[in-house]
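The values are calculated or read from the model by the stated rules, or taken from the named source; none is laboratory data. In this text the structure is predicted, and so the values were computed from the model without any measurement. Please note: Cβ atoms are built from the backbone with ideal geometry, for glycine as well, and neighbour counts cover all protein chains shown.
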Amino acid sequence: MPDAPRLEVRNLTRRFDGRAVVDDVDFAVEAGQVACLLGPSGCGKSTTLRIVAGVDMQDHGRIFVDGNLICDTDFRVPPERRAIGLMFQDFALFPHLPVRENVAFGLKGGFAANRDRVLDLLARVQMGAHLDSFPHELSGGEQQRVALARALAPRPRVLLMDEPFSGLDERLRDGIRDETLALLKEEGTAVLLVTHEPHEAMRMADQILLMRDGRIVQQGAPYNLYNAPVDRQAAAFFSDINLLTGRVSGALTRTPFGEFLTPGLPDGSEVDIVIRPQHLKIDFDRAGQGPAPTVENGTAARARVRRARYLGRESLVEFATDEGGILLNATVPGVFLPPEGTPMWLMLRRDRVFVFPRKPRT
């Protein structure tokens, strides 16, 4: 029989003033795995984290650590006995304690009784030279490393991290994220990370739990969520998108790029066709009104440049199609700045296009 997941949440629900802030949430995090609760502000991810930590109480549902029930609506293990570590956005270091005592704070006997563990962790987060420093003497990145060492010192079975990198300078974040991830993998801890940044979730997570309005709308590996989004909103959360709309006729929907298959939808249904800017291909219309280039499984759409901007690694070119005046964005590697009004042909990566039944915008 396989081992139970380190952390398992079943049917978790929390209501405030009759509204479900967390609505029937289910997920599991295995040992050595990083799961990211990802979503916009107010979607319920921090409330979920607080319930798992034991600082808030659910209205329904159960929570297990290593297969053992730690909380339901009748039974509740106190937070300090859940074998769960916490790491907060503001690091919450004790200003009156030096680094060594901050890391040893949650350990029985303090630094004197746990010297080897504390020194080992500080060495692994590259803070071994700061044993006697106080938090106000450290940079933001150094404080983050100390907070991570403190959270891991008691060897928690589960570590909860609430936006732990948001207070760092953007130039530091990627490096510290990578260092943190390496240490978490070494410790074999199950990690539940709350973030509103898709880039952070893609960089750190083994699985992403995408939340919206209190529910998990999609969960899986980052690759799967990016390349097979469940709906238009999920696609738009991970990147900018272009949106075409159309109506189904005979299981097909017509667009300036030709027809798209929309089987299973009745005639007259509205659909959203989602294209990411990097999946639009561009070709010059050198003849001005020349024939469209040959496109496999589709049609090239003629458009004119409205604006072009260089963003550093790539250029963003804005277009309006001749047919329907649809506004579309394309990204091109390097410097590509055609003048306003330049006629061009736009083509699609059809294997990268998503077609969804249309839902009202929210």
If you check every pair at least six apart or on different chains, which have Cβ atoms under 6 Å apart with a residue in region 5-27 that is at pLDDT below 95 first and a residue that is surrounded by fewer than 16 Cβ atoms within 10 Å (Cβ to Cβ) and in a strand (DSSP E or B) second?
-> none
Conditions (1) farther than 30 Å from Arg19 by Cβ; (2) modelled with pLDDT of 90 or more -> Phe91 fails only (2)
Can you name the number of the only condition in (1) crowded, with 21+ Cβ neighbours inside 10 Å; (2) modelled with pLDDT under 90 that Ala104 fails?
-> (2)
Identify, please: which residue in region 313-362 is touching a Ser or Thr at 6+ places or on another chain (Cβ under 7 Å) and of a type in the set (A, V, I, L, M, F, W, C) and is, among those, nearest to Ile273 (Cα to Cα)?
-> Val355
Test result for Ala236, in contact with a Pro (Cβ under 6 Å, 6 or more places away or on another chain) and of a type in the set (A, V, I, L, M, F, W, C) | no
Could you give me the residue pairs with C-beta distances under 6 Å whose first residue belongs to region 99-114 and is under 17 Å from Asp132 (Cβ atoms), whose second residue is loosely packed, with under 15 Cβ neighbours inside 10 Å and modelled with pLDDT of 90 or more wherever it lies, and which are 6+ apart or on separate chains?
-> Asn102/Phe94
Only one of these is at pLDDT below 90 and among the acidic types (Asp, Glu): Glu170, Glu137. Name it.
-> Glu170
Out of the residues in region 70-86 that are touching a Lys or Arg at 6+ places or on another chain (Cβ under 6 Å) and closer than 30 Å to Glu186 by Cβ, state the one that is modelled with the lowest pLDDT.
-> Ala83
Being over 16 Å from the mean Cα position of the chain (by Cα) and either more than 14 Å from Asp162 (Cβ to Cβ) or without any contact (Cβ under 8 Å) to a residue 12 or more places away in the chain (or both) is the filter here, so list the residues in region 30-53 that pass it.
-> Glu30, Ala31, Gly32, Arg50
Could you list, in sequence order, the residues of region 20-50 that are of a type in the set (Val, Ile, Thr) and in a strand (DSSP E or B)?
-> Val21, Val22, Val25, Val29, Val34
From the set of residues in region 150-173 that are within 18 Å of the chain's Cα centre (by Cα) and in a loop (DSSP other than H, G, I, E, B), which is surrounded by the most Cβ atoms within 10 Å (Cβ to Cβ)?
-> Pro164
Selection from region 239-263 of residues at pLDDT 90 or above and acidic (Asp, Glu) yields Asp240
